[in-house]
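Reviewing the structure listed below.
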Amino acid sequence: MALDPESARLLAKGIATITMGGSGIGEGYLIGKALEAMGRNPEMEGSLFTKMLIGVAMAESTAIYALVAFFIL
Amino acid sequence: MNFLQVAGDIPSLQPPVLFHIGSWPITSSLMLIWLILLLTIVVVRVLFKILSLRPGIYQNIFEVLYESMLKLVDQITSSRKISEKIFPLIATLFLFIGVSNLITLIPGLTSLTYNGKEIFRSPTTDFNTTFALALAMLILIQVQSIRDWGIFGYIGRFIQIKPLILSFKQGLGAGLTAFINFLIGFLDIVSEIAKVVSLSMRLFGNIFAGEVLTVIIMAGLAYALPAVWMAMGILTGVVQALVFGSLVAAYYTISLNPGKQAAGN
């Protein structure tokens, strides 16, 4: 199966975008745990929310690497 | 394009070069960095002229900002002394990155063109800016770590030969644990480089992707839909500035020598 460079490039772009799914699963788990902790202990809500936001940004970063690879290809 | 869609060109990875001073190219993001610097100088000059013990509205805003940022850094470093030491750095990072992420919301600022190239472009959409910031932070943290641990202690954090020799005398089990720690010490060197790459790519990727998607959404439907995406862009800009500042504070804190800190150095 011979691929010319242009179609190989498009295929590579597509494969790079699939990897963002894992980040979605991770972030959903993280937010779920944070909501559960907020339900157990409602007075720590503000502090937990800030930390959750930082955690979501960190988990998002893997998806952002894939997006940058997509733009570079 | 028809009435409902607005065509625009997708921003390139490299910012456009406007002119040269000597042999140094001046790009669009550099022009906006200068504008932000000018704005900061003007705001601070006005603020310092009206400082008083009974604050008005203008001073109150800055005091609230100061207190909330100090509390955030306190939560990360869990020591008031370290917070006050690195607070100017973290606050500068937070404000600079926050302003440069949000400044393209001012209407018309990115539409000014010179010879067909845009004059102003947000500096964090340029990988040069984010990489320079991350590299500078890495060098700062390594220098501070050398200062705290001494040069041999610093190398000893990565190549842990001493605990290896000491614990083999205690017994085989402790010796094997120390051997694994020895290998992990080498991995720490790689992780320092990974910190630079991850810090710079996270900031660049978020903001650059936001700009590209704004252009694409405006080519889809130019009424009401871009506003939703731009609101998301505001949230992303502020959160990314927060994350950059907090991560630098966290890396700084874990690179210090806890014994020296506890002794009141």
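The values are calculated or read from the model by the stated rules, or taken from the named source; none is laboratory data. If you're wondering where the values come from, they're calculated on a predicted model, not measured in any experiment. Neighbour counts are summed over all protein chains in view; Cβ atoms, including those assigned to glycine, are modelled from backbone coordinates with ideal geometry.
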- Cβ-Cβ below 9 Å, separation at least six or inter-chain, first residue in segment B:136-147 and closer than 11 Å to B:Leu89 by Cβ, second charged (D, E, K, R): which pairs? B:Met137/B:Lys195; B:Ile141/B:Glu192; B:Ile141/B:Lys195
- Message: Take A:Ser61 and tell me if it is over 13 Å from the mean Cα position of the chain (by Cα) and within 9 Å of another protein chain (Cβ to nearest Cβ).
- Response: no
- Query: For segment B:1-48, which residues satisfy the criterion of being assigned to a helix (DSSP H, G or I) and touching a strand residue (DSSP E or B) at 6+ places or on another chain (Cβ under 9 Å)?
  - Reply: B:Ser28, B:Leu30, B:Met31
- Note on the structure: Reported set for segment B:115-131 where residues are surrounded by 13 or more Cβ atoms within 10 Å (Cβ to Cβ) and farther than 19 Å from B:Ala209 by Cα is B:Lys117, B:Ile119
- Message: Return the pair list, or none, for Cβ contacts closer than 8 Å from residues in segment B:192-212 that are more than 9 Å from chain A (Cβ to nearest Cβ) to residues that are among the aliphatic types (A, V, I, L, M) and surrounded by fewer than 19 Cβ atoms within 10 Å (Cβ to Cβ), at least 6 apart or on different chains.
- Response: B:Glu192/B:Leu138; B:Lys195/B:Leu138; B:Val196/B:Leu135; B:Val196/B:Leu138; B:Ser200/B:Leu135; B:Gly210/B:Met232
- Item | Of residues in segment B:43-93 being surrounded by fewer than 16 Cβ atoms within 10 Å (Cβ to Cβ) and of a type in the set (Phe, Trp, Tyr), the one nearest to B:Ile141 (Cα to Cα) | B:Tyr66
- Message: Regarding segment B:175-186, can at least one residue be identified that is out of contact with any strand residue (DSSP E or B) (no Cβ under 9 Å at 6 or more places or on another chain) and farther than 29 Å from B:Tyr252 by Cα?
- Response: yes
- Task: Under 8 Å between Cβ atoms, at least 6 apart or on separate chains: pull out the pairs that start in segment B:52-71 with a residue that is modelled with pLDDT under 85 and end on any residue that is assigned to a loop (DSSP other than H, G, I, E, B).
- Result: B:Gly56/B:Ile50; B:Tyr58/B:Ile50; B:Gln59/B:Ile50; B:Gln59/B:Leu51; B:Gln59/B:Ser52
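Here's the yes/no breakdown for (1) exposed (fewer than 15 other Cβ atoms within 10 Å of the Cβ); (2) more than 14 Å from chain B (Cβ to nearest Cβ); (3) not acidic (Asp, Glu):
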position: A:Glu6; (1), (2), (3): yes, yes, no
position: A:Ala16; (1), (2), (3): no, no, yes
position: A:Ile25; (1), (2), (3): yes, yes, yes
position: A:Ala34; (1), (2), (3): no, yes, yes
position: A:Met38; (1), (2), (3): no, yes, yes
position: A:Pro42; (1), (2), (3): yes, yes, yes
position: A:Ser47; (1), (2), (3): yes, no, yes
position: A:Tyr65; (1), (2), (3): no, no, yes
position: A:Ile72; (1), (2), (3): yes, no, yes
- Within segment B:1-48, how many residues are in contact with a helix residue (DSSP H, G or I) (Cβ under 8 Å, 6 or more places away or on another chain) and of a type in the set (Gly, Ala, Ser)? 3
- Query: If B:Tyr223 passes every condition in (1) in contact with a Phe, Trp or Tyr (Cβ under 9 Å, 6 or more places away or on another chain); (2) part of a loop (DSSP other than H, G, I, E, B) but one, which one does it miss?
  - Reply: (1)
- Task: Consider B:Ile254 carefully, then state whether it is among the β-branched types (Val, Ile, Thr) and either more than 18 Å from the chain's Cα centre (by Cα) or surrounded by 12 or more Cβ atoms within 10 Å (Cβ to Cβ) (or both).
- Result: no
- Residue selected from segment B:221-240 under the condition at the interface with chain A (Cβ under 10 Å from one of its Cβ atoms) and under 12 Å from the mean Cα position of the chain (by Cα), by the criterion surrounded by the most Cβ atoms within 10 Å (Cβ to Cβ): B:Gln240
